[in-house]
Amino acid sequence: MEKNSMEQTNTENRLLQLLLETGERLMASGAEVKRVEDTLERIGVAYGAERMNVFVITSSIVITLERSDGTLLTHTRRITKSGTDFLALERINALSRECCREPLPLDLFEQRLRECVPPKKQWQMYLGSVLAAGSFAVFFGGSFADGLAAAVFAVIICLFQEKGAQLLANNVMFNLVCSFFTGTLICLTVKFLPFFHADKIMIGDIMLLIPGIAITNSIRDMLMGDTIAGIMRLIESILWAGALASGFMASIWMVGI
């Protein structure tokens, strides 16, 4: 009896770890808080829990599994990753719906979860950034040359995101340093090549760093009743945006264009 109870506890502990991993990947893919909580609750109940209590904010996930006999198991995880990946988000949602219809063995669940977020190919990120920055620069009134310049500086931003993010884990400081460095290069380029327009190039490149999804999700969280998570995400987004503006303004003031 004691052996069966221990095996059940080990299985439930592993399930909770997989749920935490699922929640973390959902948050890192741009999911809103309500979606994460609802997904984890449904999967836990599908795997035999009497009741699931899930609390999610932008920096933490707490899950409590309640058995039919009233025993509680609680796991928690600190969330440090953030980003946007709608393809991974859709894959994890599809996996969660499949688990709710017919629970998968935990080994298969773990394998399928890893497959939902394959390693990102760097060339895709560079290509997307180049196209986005160049297009926005032209869309907001810049010339074709401004679009090309914005595309070049987009590559620099991608390099900074790839290498500099490891040194500057704080997103506010990263955005401040990245925008200042990029803005300085843009201003110096325009100063020596005056046929470029600094404002158009900056507009194109700043679009790569603005936390648009985070701001949108913060409003949605508050409208859905997750006030704490929504306010935290909104404040964080405002700080990111403020750091971006400060970095570009500082570079303009320093170079003096």
Among the residues of region 142-155, is there at least one that is in a helix (DSSP H, G or I), modelled with pLDDT under 90, open to solvent by less than 40 Å² (accessible area, probe 1.4 Å) and on the phi < 0 side of the Ramachandran plot?
-> no
Qualifying residue in region 8-27 (condition: more than 23 Å from G70 (Cβ to Cβ), β-branched (V, I, T) and touching a residue at least 60 places away in the same chain (Cβ under 8 Å)) = yes
Residue list for region 212-226, filter: touching a helix residue (DSSP H, G or I) at 6+ places or on another chain (Cβ under 7 Å) and open to solvent by less than 40 Å² (accessible area, probe 1.4 Å) = A214, N217, S218, D221, D226
Restricting attention to region 18-72, which residues are open to solvent by 20 Å² or more (accessible area, probe 1.4 Å), in contact with a Leu (Cβ under 8 Å, 6 or more places away or on another chain), part of a helix (DSSP H, G or I) and not acidic (D, E)?
-> R25, R35
Answer yes or no: is there a residue in region 83-100 that is open to solvent by 40 Å² or more (accessible area, probe 1.4 Å), out of contact with any strand residue (DSSP E or B) (no Cβ under 9 Å at 6 or more places or on another chain), modelled with pLDDT under 90 and basic (K, R).
-> no
Hits in region 73-82 - residues which are among the hydroxyl-bearing types (S, T, Y) and either under 20 Å from E32 (Cα atoms) or part of a loop (DSSP other than H, G, I, E, B) (or both) | T76, T80, S82
Kindly establish whether R77 is touching a strand residue (DSSP E or B) at 6+ places or on another chain (Cβ under 7 Å), free of Cβ contacts under 8 Å to residues at least 24 places away in the same chain and either open to solvent by 30 Å² or more (accessible area, probe 1.4 Å) or basic (K, R) (or both).
-> no
Based on what the data block shows, is R233 open to solvent by 70 Å² or more (accessible area, probe 1.4 Å) and either more than 30 Å from L185 (Cα to Cα) or part of a loop (DSSP other than H, G, I, E, B) (or both)?
-> no
Subset tally (residues that are in a helix (DSSP H, G or I) and in contact (Cβ under 8 Å) with a residue 40 or more places away in the chain) for region 159-173 | 4
Check whether at least one residue in region 195-211 is part of a helix (DSSP H, G or I) and surrounded by fewer than 16 Cβ atoms within 10 Å (Cβ to Cβ), and report yes or no.
-> no
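The values are calculated or read from the model by the stated rules, or taken from the named source; none is laboratory data. Bear in mind the structure is a predicted one, so any value in this text is a computation, not a measurement. Cβ sites come from the backbone with ideal geometry, for glycine too, and all protein chains shown count toward neighbours. The area values use the complete protein model at the heavy-atom level, side chains included, leaving out ligands, DNA and RNA. Shrake-Rupley method; radii C 1.70, N 1.55, O 1.52, S 1.80 Å.
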